[in-house]
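Accompanying notes for the structure given below.
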Amino acid sequence: MTAPADLTKVLIVEDHRVVAEGLWALLAEYSDLTVVGWADSVAEVVPMAKELGPDVALVDFRLPDGTGADAAAAIRANDPSTAIVILSADASDSALLAAVEAGACGYLLKSASGDEIADAIRSAAEGETLIPASTLVEVLARHRETARSSAQQTERLESLTPREQEILTLMSQGLDNRAVAERLSISYATVRTHVRKILEKLEVRSQLEAVAKAADWGFRHVEPE
């Protein structure tokens, strides 16, 4: 499809036909924009971008064979002048960071209005970065905090001895202390001591909270021999 030189050429990258057709119809309402094509996968992106030479690629983040970040990286590797605007239902920090690292200059949620999408395409075509630096700073700070918290969780789980892991596993299966003692052929008092240590290491107040927190942190059950 050949577009007049004064129009901003847009490539839609979206795997759902209804959504892609809706975007195509939406953008047709703006006289300065023209959709030159539609790709429904990462694999289709590069050949279509080479053929059509879009000014802006409007890319969904969830694609059947990869992510919008993968598509963005592939497009920009072929032609760094093509601007990338991600349009996604995924509002997570990880998706935003992946998109930015792949060279996207904008990230919109699918709840955005037609005017917001059109304005983002225009700004991207002009070389503007649509993601405020303050937003990136906040996202990076949350990302670092999440990574730090995850490392602490892993460290706490790894601090459990093999016996404590066995007892936590049995607790997760609904056994009370006496049942645990019988299952492991150890004394009730010994089980209570181990349980107290488990609560201390996981920094919780009850066995129920220990089980819930361990599951949330990805604790892998260790079945007693």
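Assuming 0.36 nm per residue, please report the length gained on full extension of the stretch Glu51 to Gln152 beyond their Cα-Cα distance. Please list the in-between numbers first.
On the way: separation 101, 0.36 × 101 = 36.36 nm, distance 4.93 nm.
Contour length minus the Cα-Cα distance gives 31.4 nm.
Using a probe of 1.4 angstrom, how much of the accessible area of the chain is carbon and sulfur, in percent?
Details: 6080 of 12080 Å².
Exposed carbon and sulfur together represent 50 percent of the surface.
Estimate the FRET efficiency between Glu200 and Thr135 by the formula 1/(1 + (r/R0)^6), using the beta-carbon distance for r and 35 Å for R0, to the nearest 0.05. Intermediate values should be presented prior to the final figure.
On the way: r = 39 Å, r/R0 = 1.12.
It comes to 0.35.
Rounded to the nearest 500, what is the chain's calculated 222 nm mean residue ellipticity when only DSSP H runs of at least 4 contribute -39500 (n - 2.57) each, over all residues?
On the way: 10 runs with 124 residues, N = 225.
Mean residue ellipticity, 222 nm, calculated: -17500 deg cm²/dmol.
Tell me the net charge near Glu209. Cut-off is 12 Å between Cβ atoms, Glu209 excluded, with +1 for each Lys or Arg and -1 for each Asp or Glu. Provide the component values of the computation, followed by the final result.
Details: positive: Arg205, Lys213; negative: Glu203, Asp216.
Net charge around Glu209: 0.
Rolling a 1.4 angstrom probe over the protein heavy atoms, how many square angstrom per residue are accessible across region 48-191? Provide the component values of the computation, followed by the final result.
Details: 7160 Å² over 144 residues.
Heavy-atom accessible area per residue stands at 50 Å².
In degrees from 0 to 90, rounded to the nearest 10, what is the angle of the helix 68-78 Cα long axis to the longest principal axis of the chain?
40
Would you give the gap between the C-alpha center of region 145-206 and the C-alpha center of region 89-109, rounded to a whole Å?
39
Taking 0.36 nm per residue of separation and subtracting the Cα-Cα distance, what length does fully extending Glu29 through Ala91 add?
On the way: separation 62, 0.36 × 62 = 22.32 nm, distance 2.69 nm.
Additional length available on full extension: 19.6 nm.
Quickly work out the Ser81-to-Val19 label distance, labels modelled 7 Å from Cα along the C-beta direction, and quote it in nm with one decimal.
3.0
Can you pull the one-decimal nm distance between simple spin-label points at Lys213 and Thr161, each 7 Å off the Cα toward Cβ?
About 2.0 nm, to one decimal.
Report the semi-axes of the equivalent ellipsoid for region 149-215 in whole Å, largest first, where each axis is √(5λ) for an eigenvalue λ of the Cα gyration tensor. Before the final figure, lay out the partial values.
Details: eigenvalues 84, 25, 20 Å².
Largest first, region 149-215 gives 20, 11, 10 Å.
Would you look at the GNM of the chain, springs on alpha carbons closer than 10 Å, and say which of Leu11, Leu208, Leu140 moves the most?
Judging by the Gaussian network model, the answer is Leu208.
How big is the chain on each of its three principal axes, counting only the C-alpha atoms and giving the largest first in Å?
On the principal axes, the chain reaches 84, 33, 30 Å in Cα extent.
Take Arg220 and Ser187, extend 7 Å from each Cα along the Cα→Cβ direction, and tell me the distance between the two endpoints in nm.
3.4
Near Lys110, which lysines are there with a Cα under 27 Å away, not counting those fewer than 8 places off in the same chain?
Within the straight-line limit of under 27 Å, Lys110 reaches these lysines: Lys9, Lys50.
To the nearest 10 degrees, how steeply does helix 17-27 sit against the main Cα axis of the chain, on a 0 to 90 scale?
50
To check you understand DSSP bridge types, tell me what percent of the beta bridges within region 12-138 (both residues inside) are antiparallel, rounded to 5.
Values: 2 of 14 bridges.
Of all bridge pairs located within region 12-138, approximately 15 percent are antiparallel.
Tell me which lysines have Cα within less than 28 Å of Lys197's Cα, excluding those fewer than 8 residues away on the same chain?
Lys213
Can you compute 3J(HN,Hα) from phi for each residue in region 157-167, using the Karplus curve 6.51 cos²θ - 1.76 cosθ + 1.60 with θ = phi - 60°, rounded to whole Hz and x for Gly and Pro?
5, 6, 6, 6, 6, x, 5, 5, 5, 4, 5
Could you work out the Rg to Rh ratio of region 46-163, with Rh taken as the Kirkwood radius (inverse of the mean 1/r over all Cα pairs)? Kindly include the intermediate steps, with their values, before the conclusion.
Numbers: Rg = 17.6 Å, Rh = 15.7 Å.
Ratio of gyration radius to Kirkwood radius: 1.12.
The values are calculated or read from the model by the stated rules, or taken from the named source; none is laboratory data. None of these values were measured; they are calculated from a predicted model. Glycine gets a Cβ as well: all are built from the backbone with ideal geometry, and neighbour counts include every protein chain shown. Keep in mind that these areas ignore ligands, DNA and RNA; they rest on the heavy atoms of the full protein, side chains included. Shrake-Rupley method; radii C 1.70, N 1.55, O 1.52, S 1.80 Å.
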